[in-house]
1. Rounded to whole Hz and in sequence order, give me ³J(HN,Hα) for the range B:215-226 from the Karplus expression 6.51 cos²θ - 1.76 cosθ + 1.60, θ = phi - 60°, writing x for Gly and Pro.
2. What is the calculated FRET efficiency for A:R220 to A:L160, with r their C-beta to C-beta distance and R₀ = 45 Å, to the nearest 0.05?
3. Which whole-angstrom value gives the distance between the alpha carbon centres of the range A:79-113 and the range B:85-153?
4. Among B:G181, C:Q149, C:F231, which residue has its Cα furthest toward the positive end of the charge dipole of the protein assembly as shown, with +1 on Lys/Arg Cβ and -1 on Asp/Glu Cβ?
5. What ranking, highest mean first, results for peptides C:284-295, C:21-32 when packing means the other Cβ atoms within 10 Å averaged over each residue?
6. Which whole-Hz couplings ³J(HN,Hα) result when phi for each residue of the range C:121-131 is put into the Karplus expression 6.51 cos²θ - 1.76 cosθ + 1.60, θ = phi - 60°, listed in order with x for Gly and Pro?
7. How far apart, in nanometres, would the label points at B:A61 and A:V87 be if each is projected 7 angstrom from Cα along the Cα-to-Cβ direction?
8. Per residue of C:186-193, what is the mean number of Cβ atoms on other protein chains within 10 angstrom of that residue's Cβ?
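Values in this text are rule-based calculations from the coordinates and carry no lab data. Predicted model, so just to flag it, every value in this text is computed and none were measured. Here Cβ is always computed from backbone atoms with ideal geometry, including for glycine, and neighbour counts include all displayed protein chains.
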Amino acid sequence: MVENARSLNLVASAVLFLGMLYILGPLYLTLTTSTQSYEFMLRNGLVWYPGDQFFTNVIRIFSETRIPQQMANSLVVAVGDALVTCVLSFISAYALVFFPVRWGSVVFASILATIMLPLDIRVITTYQVASNVLSPINALLDIIGLNGLIAGVFGAPVVLEWSVLNTHFGLIAPLVAHGTGTFLFRQFFLVLPKDLVKAARMDGAGPIRFLFDILLPLSRPSFAALFVLTFLGGWTQYLWPLVASSTPNMQTAVVGLARLAPDMEGVMPDFPLIMAGAVVVSIIPLVMIAVLQRYLVRGLVLSEK
Amino acid sequence: MSSPTQALFANRWLPVLLVTPLALLIVIFFYVPIFQAFYWSFFLERPFGGGSIFVGWANFARVLSDPQFWEAGKRTVIFMVIGSSLAVLVPLILAVAADRQLRLSQPARNVLVWPKGVAGASIGVIFAFIFNPFVGILSPLNQWFPGIWAPGIDGTDAFIMLIAAHVWSGIPFNFVILLAGLQSLPRTMHQAAAMDGAGAWRRIFDVQLPLIMPQVFLTLVLEFTESVTSAFALVDTMTKGGPGGSTNLLVYKIYVDGFNGYDLSGAATQTAILMVFVVLLTGAQFAFLGRRINYER
Amino acid sequence: MNAIDTSIDSAIRAAASAIVLENVSKSYDGTTQVIPPLDAELRAGEFTVVLGPSGCGKSTLMQMIAGLERVSGGTISFGARKVQDLEPKERGCAMVFQNYALYPHMSVFENIAYSLKVAGMPKPERVERVEAVAKMLGLSDLLARKPGQLSGGQRQRVAIGRAIVREPGVLLFDEPLSNLDAQLRHDMRMELAELHRRIGATTVFVTHDQVEAMTLADRILILNKGRIEQFDTPKAIYHKPASVFVAKFIGAPPMNIVPVTGDGKVLRLADGQVLVECPVFGDYQLGIRPEDILVGEGPIKAGLRYREDLGSHAILAADLGGNLLRIATPFGADIGTEANLSLTFPPLRLHLFDAETGRAIPGAFSAQ
């Protein structure tokens, strides 16, 4: 269009510049501080130029802290969360869209409701459940009176116990219990041409063949989007891994990073070391965003519609 | 012509089998915990085993008569309102700017999603350092005006720090959604408004903003829930609820009561109240706000 | 445009089977019937066009024949086999879809070969079959492409190739030409007719386009609200419509229908004007095609409202006692605007329908 919108464009450019500064400023300061020594920081405070202690600090992170082990945990949790979420969401959405499921809409609504109450809100009782996943069965046996019967016959009631706390499974499972993925795949399936299923059926493909030959190849971009989204979500979790891991060796890197700062009053924390830790902990997800940005944006947009 | 049951696979057990794994996980780790939160809010647990006793509304009476609970509730609401508004407003302004196809638009669209890769706890640690009153970015200010920036002592300063970090974390999602909303507006809409004599500034307020209200509404709804819950990582890494309880948000208080104070019933009761609050809030937003901003396109 | 290569021998030729529908009905909710019980016999090797307005149940009928929808009642037979409870793949029929429904991630070759692969046919045989079909449809050079790289007409051919590669005894088409432009549609019509002649499968072709129906069909099945209005050759459908619905549905512009009353001698309009002699009593609907009306000297008076010159002929719109009457006359006929027309309705070209049911009353004028 022929239009003179110089004032608006100047303001918009300034806004974008400030926005980028807001995002990049803290990250840049993290980087510069991680290159200083503790003594330098105590003398000069926060500085805008880099020093030469970066590798020293990073080596200290790898040799003096448990962050390497915790990074491995984070990787297991993030990849596990992403993979399991992708697979389970995919097959659930497939079942709900391509089969005439009785109560299908109720099931879908119940899955979707998980978005309303995130894990952080219900952490107390989720922890309770994780400490004994079988407790609902115990309660059920108590309620229907079967346990009284068993106690009468065998002398003791059945008390099943299976704690998933402090295990990788326990770290991952509650994160997977979430509806975004199902929602995302369902949206994708609903916009596929209706005749595709019919054509596949005419060609003699049953539900499983259709799933593997047609649906799976077509869903690749959605898989990538959901994978990136859940990977980042799993990596950046804090409260759940904090309570679900009782030993430092089971903690994730983000929890480990937060634990680097001493709780003592009046002691200046070793910020260069902590910032080096922040760099190390954030590098994998940031590289992932840089490389797979397309899919991340797609995932964010899709998860909303 | 088309019916919902048209040309689907008529298998009976396969779909049940396929939904079961996720449904099972959701029942165990979502619905059972929710049920338990309500269950424990009516029971009192003996800390070291020995079962539970039904106490009726006693837990609620105890929690609701605790001034600390009301204080934390108030802080939560303030944080929610200010934090969410800014966490939508800032990305909205950025999205309107980025939609103008300027030289900075592309790098901005790239950079503004980076916070998605930085954990709330990580940015908490980073902001705690940057705003450290002795070595941080505002420390020179303290040399000239001693004590003007003291998040460790001044509750308002701590709160500001918390919100700055929260908005920083919330930018990627809200920015992407709002920008996608802006870009989905047909170009002809701009041209029509321009033909009607509306200048570029005016079109922002008369055309763009009204038309992306659905996206603004959606980000706001999600942001409300988000601000109630995700603040935990920030509070735990930056202020630990201090100074003097000024940043002690409910989600943090529940954690402290439950995991440090071993008060399962009290924590469960507060959880139940918080959940009811969030559900009602979401429902109310959809009922009152959602109805008004649905446009046929 | 690449016509079908007729030089190759019919490598693809089906053993056609008749399709017999007995009491076939469909209801989605158990109460409202989309298709009330319906009987029809489609002869082996015949090209049947199922024609009707949208929502008439024609797609549902086709999907029941295909096996994509269950019948709510009745039986469907292919030859001697009862197939209504069989899966599509067990019925030995193939289908071409409106939007082609090609698998976007597969090449043309893979799309055509997919049903053979599912059926477990060995690869060498598969390649041979697909190549034969591709040659027949002029797709040989496109086998490595993805559907996204093809034009509309090419996609259409791939969809046809995918259907005929299995040598089905029954070939189904679900409005396959509706997404093509006018010229391409015309070419595809000719190709389809040729294709049918060559492979000889019993063909069911669903459409709402009467030109497709008239040009392609051996017999046309006209469906209205799930019921068969008429099932006959195109010629019979045009010249002996069984109901007002059929009469108005076929022909462009459609047949004129005016309400008349008979006094035992003549048929009159509501305003008393006599149209034609006919020894019947009571209310009727009288039909006459626009091209059958003679303009010039005649006993019937009508006022001209406007005219459209179409080059080959002109369409006049006239007012006949408050009814719209369309008349097709040879181009250049000297008729001024606002003129009063004198018309003749040749009795042998008239159609009489029951006022209530709309069914044709055969022989009403032929005796004269």
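1. 5, 4, 4, 4, 4, 5, 4, 5, 5, 4, 4, 4
2. According to the calculation, E is roughly 0.65.
3. So the separation of the two Cα centres works out to 37 Å.
4. C:Q149
5. C:284-295, C:21-32
6. Going residue by residue, I get 6, x, 4, x, 5, 4, 4, 4, 5, 4, 5 Hz, with x marking Gly and Pro.
7. 5.2
8. Per-residue shielding by partner chains comes out at 0.
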